Amino acid sequence: MITSRRIFGRLAAKLFPTWYKEYHELSFWRKLFTGGQLSREHYPWFYTRYFDLEPGFYEGKRILDIGCGPCGSLEWADMAAERVGLDPLVPKYMKLGANKHKMTYAAAPSEAIPFPDEHFDVVCSFNSLDHVANLERTLAEIRRVTRTGGLFLLITEVGHPPTACEPIDLPWNITSAFLNSFEVISERLYEIGNHNIYRQIRENKRFDTANKTARSGVVTAKMRKL
């Protein structure tokens with residue numbers, strides 16, 4: 001049975017996609033904050049050891065986290081020259097306590113990053129690339145703001161049907177979209193499991209390529225700008 005609430009949701013998603021998407025994303029974060037389920041312990045490991053980098057690698061570097069969320073994803077990187085979290089919901093995140101974090105937040109979408117060309121030494125997109133509104137414009141901005149020789153670190157869900165918060169159905173070969181500007185240093189594929197991307201990676205639940213069933217999963221990659 002289709003309820004009036006579901007009908008309203010479908011209509012809102014169609015007529016006001018940006019508002020609808022941001023409303024649901026903010027609701028997700030508010031639920032985590034009120035439920036006391038937030039943890040930032042995973043951030044340092046994913047930015048360093050997982051991608052075969054040492055904390056010292058970030059000494060004096062400029063870092064950008066695209067789709068950062070409100071949890072202080074770059075607070076650990078106190079050795080960096082600049083650490084910026086980019087998210088259109090930043091004004092809302094400030095009310096959740098992000099204003100107390102030891103990093104800079106930039107209120108902007110990934111399609112219009114408010115920084116000069118080749119500004120960042122490391123650009124990251126952790127569980128956010130399938131959340132963007134326009135993939136091509138986002139990829140163009142990533143290419144633009146990453147300095148030559150700099151790194152792009154990617155963790156993303158792929159192969160899933162579009163949703164309100166994840167409107168982009170990324171292909172399994174998403175790294176090929178970067179090949180004109182980046183070289184792929186490493187790439188790994190994982191099962192999506194219980195939808196906890198970080199746990200799947202931690203437990204090394206690699207994608208079963210022998211299983212031909214079309215399904216969603218996780219792609220991670222470390223790339224260097226040419």
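Suppose the chain between Glu136 and Ser186 were pulled fully straight at 0.36 nm per residue; how much longer would it get relative to their current alpha carbon spacing?
Numbers: separation 50, 0.36 × 50 = 18.00 nm, distance 2.23 nm.
Residue separation times 0.36 nm, minus the Cα-Cα distance, leaves 15.8 nm.
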With each label point set 7 Å from Cα along the Cα-Cβ vector, what nm distance links Arg206 and Lys95? 4.7
Rounded to the nearest 20 debye, what is the charge dipole size of the range 52-190 about its Cα centre when +1 sits on each Lys and Arg Cβ and -1 on each Asp and Glu Cβ? 440
Counting helices only, and only those DSSP H runs with n ≥ 4, report the 222 nm mean residue ellipticity of the chain as the sum of -39,500 (n - 2.57) divided by its residues, in deg cm²/dmol to the nearest 500. -7500 deg cm²/dmol
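Give the value in nm², to one decimal: projected area of the alpha carbon convex hull of the chain, averaged over all directions.
Result: a mean projected hull area of 13.5 nm².
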Here is the link list: Lys31/Lys95; Lys61/Lys102; Lys21/Lys92; Lys61/Lys100; Lys92/Lys225; Lys61/Lys222. Which ones come out longer than 25 Å on Cα distance? Lys92/Lys225
Which helices of the chain meet both criteria: a Cα extent of 20 Å or more along the helical axis and a mean Kyte-Doolittle score no lower than -1.0, with helices taken as whole DSSP H segments? 17-35
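Highest mean first, what order results for 65-74, 110-119 on Cβ atoms within 10 Å? Before the final figure, lay out the partial values.
Working: 65-74: 24.5, 110-119: 15.4.
Going from most to least packed, we get 65-74, 110-119.
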Could you point to the residue in Trp172, Leu189, Gln200 farthest towards the positive end of the range 171-215's charge dipole, with +1 and -1 charges on the Cβ of Lys/Arg and Asp/Glu respectively? Gln200
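Bear in mind that the values in this text are calculations on the coordinates, not laboratory data. Every value quoted in this text rests on a predicted model; they were computed, and no experiment measured them. Virtual Cβ from ideal backbone geometry, glycine too; neighbours counted across all protein chains shown.
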